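Colleague: Supplied in structure tokens, the structure appears directly below.
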Amino acid sequence: KDSQLIIENDAEHVLDEQQIQQIFQPFYRPDYSRNRKDGGTGLGLFIVQQILENHHLRYRFEAVDDKRMRFTIF
């Protein structure tokens, strides 16, 4: 049986297509998070990607509109 997990939320910063293509690269942080003290290391989504691929799951990360992002696992 096929199923999907969809996470959609309001985003303070919506990523453009170029940023979305890079977001799963290790240590990548969008410009807006580089100046924050608590911005993280840029490894979180890279680790998520590795886990999903190891379990043969597909995923999509996309802007819904100018205020929301959606992450889908299927």
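The values are calculated or read from the model by the stated rules, or taken from the named source; none is laboratory data. Computed from a predicted model, the values in this text were never measured in an experiment. Note that we place each Cβ from the backbone using ideal geometry, even for glycine, and neighbour counts take in every protein chain shown.
Colleague: Select from segment 7-24 the residues that are aliphatic (A, V, I, L, M) and under 13 Å from residue 68 (Cβ atoms) and write down the one among them that is surrounded by the most Cβ atoms within 10 Å (Cβ to Cβ).
Modeller: Result: 15.
Colleague: I've got another one for you. Filter segment 11-31 down to the residues that are assigned to a helix (DSSP H, G or I) and either closer than 18 Å to residue 49 by Cα or in contact with a Gly (Cβ under 7 Å, 6 or more places away or on another chain) (or both) and list them by number.
Modeller: 17, 18, 19, 20, 21, 22 - these are the residues of segment 11-31 that are assigned to a helix (DSSP H, G or I) and either closer than 18 Å to residue 49 by Cα or in contact with a Gly (Cβ under 7 Å, 6 or more places away or on another chain) (or both).
Colleague: Scan segment 29-44 and report the pairs whose first residue is on the phi > 0 side of the Ramachandran plot and whose second residue is modelled with pLDDT of 70 or more and exposed (fewer than 11 other Cβ atoms within 10 Å of the Cβ), with Cβ atoms within less than 8 Å and a gap of 6+ or a chain change.
Modeller: 42/27
Colleague: Select from segment 39-74 the residues that are in a helix (DSSP H, G or I) and hydrophobic (A, V, I, L, M, F, W, C) and list them in ascending order.
Modeller: Hits for segment 39-74 are 45, 46, 47, 48, 51, 52.
Colleague: Scan (1) surrounded by 11 or more Cβ atoms within 10 Å (Cβ to Cβ); (2) modelled with pLDDT of 90 or more for the single condition residue 4 breaks and write down its number.
Modeller: Of the numbered conditions (1) surrounded by 11 or more Cβ atoms within 10 Å (Cβ to Cβ); (2) modelled with pLDDT of 90 or more, the odd one out for residue 4 is (1).
Colleague: While we're here: Quickly run through segment 25-59 and pick out the residues that are surrounded by 11 or more Cβ atoms within 10 Å (Cβ to Cβ), among the charged types (D, E, K, R) and modelled with pLDDT under 95.
Modeller: 29
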